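Peer 1: Sharing a structure below in structure tokens format, with a few things to ask.
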Amino acid sequence: MKFFFDLLPVILFFAAYKFAGQMGPENLELARGFLGAGVVDTQIPILLATGVAILATFGQIAWVWWRHRRVDTMLWVSLAIVSVFGGATLLFHDPTFIKWKPTVLYWLFAATLGISAWMFNRNLIRRMLEAQLHLPDPVWSQLNLAWAGFFAAMGALNLWVAFRFSEEVWVNFKLFGGMGLMLLFVVGQGLFLSKHLQEDSH
């Protein structure tokens with residue numbers, strides 16, 4: 001459930017983009033009234049979707065705060081990044097900024113994992129999972145490195161899709177490609193860890 005909650009802004013971004021792409025002339029004119037007189041019809045879907053993603057992230061934080069009276073640092077970071085890059089997209093009517101947003105977030109995750117381990121000898125993946133898993137120290141290091149590499153690769157892949165293919169292809173990839181690759185990676189990690197968990201149990 002938490003996985004889909006974390007993906008909620010992306011899901012709503014996708015839904016808003018598809019919905020806006022099917023709007024008739026009257027609704028397009030209404031949307032233009034909110035987005036600015038200089039907006040052309042082809043820009044409306046990505047601009048509306050961007051606005052929805054920003055609002056959805058604010059909504060996530062409000063819900064988490066209401067339920068738990070605390071918000072994870074990474075959710076605040078996500079809000080800051082989507083507000084800056086999404087805000088720039090809305091202000092300048094330029095989707096380039098929002099296309100960079102996933103890459104900045106992925107690379108920030110990768111840098112945080114890598115720098116924490118290399119410079120401060122702090123394995124953040126271990127800190128998050130050691131209450132549930134008992135693994136040898138080298139495996140924890142490999143796991144941390146694997147996640148850092150995955151996020152770095154995802155950031156690069158996002159840019160490749162964003163600027164080599166159409167906007168619609170990128171929007172589809174942002175949801176289905178990102179979610180699919182994440183699930184495949186998690187399954188792969190599970191298979192890798194199952195071997196070490198079995199060895200540890202003997």
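Peer 1: Among the residues of the stretch 186-202, count how many are over 15 Å from residue 126 (Cβ atoms) and either modelled with pLDDT under 75 or of a type in the set (Gly, Ala, Ser) (or both).
Peer 2: 7
Peer 1: Can I ask one more? List pairs: first residue in the stretch 95-107 and within 16 Å of residue 50 (Cα to Cα), second residue among the basic types (Lys, Arg) anywhere in the structure, Cβ distance under 6 angstrom, at least six positions apart or on different chains.
Peer 2: none
Peer 1: Sort through 185, 151 and tell me the only one that's closer than 30 Å to residue 20 by Cβ and under 24 Å from the mean Cα position of the chain (by Cα).
Peer 2: Sole residue among the options that is closer than 30 Å to residue 20 by Cβ and under 24 Å from the mean Cα position of the chain (by Cα): 151.
Peer 1: If residue 134 meets every condition in (1) touching a helix residue (DSSP H, G or I) at 6+ places or on another chain (Cβ under 7 Å); (2) part of a helix (DSSP H, G or I) apart from one, which number is that one?
Peer 2: Status for residue 134: all satisfied but (2).
Peer 1: On to the next question. Identify, from the list 155, 178, the residue that is modelled with pLDDT under 95, small (Gly, Ala, Ser) and within 20 Å of residue 97 (Cα to Cα).
Peer 2: 178
Rundown of residues vs (1) of a type in the set (Val, Ile, Thr); (2) farther than 30 Å from residue 150 by Cβ, yes/no style:
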position	(1), (2)
32	no, yes
44	yes, yes
58	no, no
74	no, no
94	no, no
104	yes, no
110	no, no
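Peer 1: From 82, 52, 77, which residue is surrounded by 12 or more Cβ atoms within 10 Å (Cβ to Cβ), of a type in the set (A, V, I, L, M) and either without any contact (Cβ under 8 Å) to a residue 12 or more places away in the chain or more than 28 Å from residue 128 (Cα to Cα) (or both)?
Peer 2: Answer to the check: 52.
Peer 1: Now a separate question. Return a yes/no flag: does the stretch 101-118 have any residue that is assigned by TED's automatic domain parsing to the domain that holds residue 162 and touching an Asp or Glu at 6+ places or on another chain (Cβ under 9 Å).
Peer 2: Checked against the condition, which is being assigned by TED's automatic domain parsing to the domain that holds residue 162 and touching an Asp or Glu at 6+ places or on another chain (Cβ under 9 Å), the stretch 101-118 yields no hits at all.
Peer 1: To continue, here is another question. Only one of 84, 77 is within 30 Å of residue 39 (Cβ to Cβ), at pLDDT below 95 and not assigned by TED's automatic domain parsing to the domain that holds residue 174; which?
Peer 2: After ruling out the rest, the residue left standing is 77.
Peer 1: Could you identify the single residue in 61, 98, 125, 115 that is surrounded by fewer than 14 Cβ atoms within 10 Å (Cβ to Cβ) and of a type in the set (Val, Ile, Thr)?
Peer 2: 115
The values are calculated or read from the model by the stated rules, or taken from the named source; none is laboratory data. What you see is a predicted model; the values in this text were computed from it and never measured. As a convention, Cβ positions derive from the backbone with ideal geometry for all residues, glycine included, and neighbour counts pool all protein chains shown.
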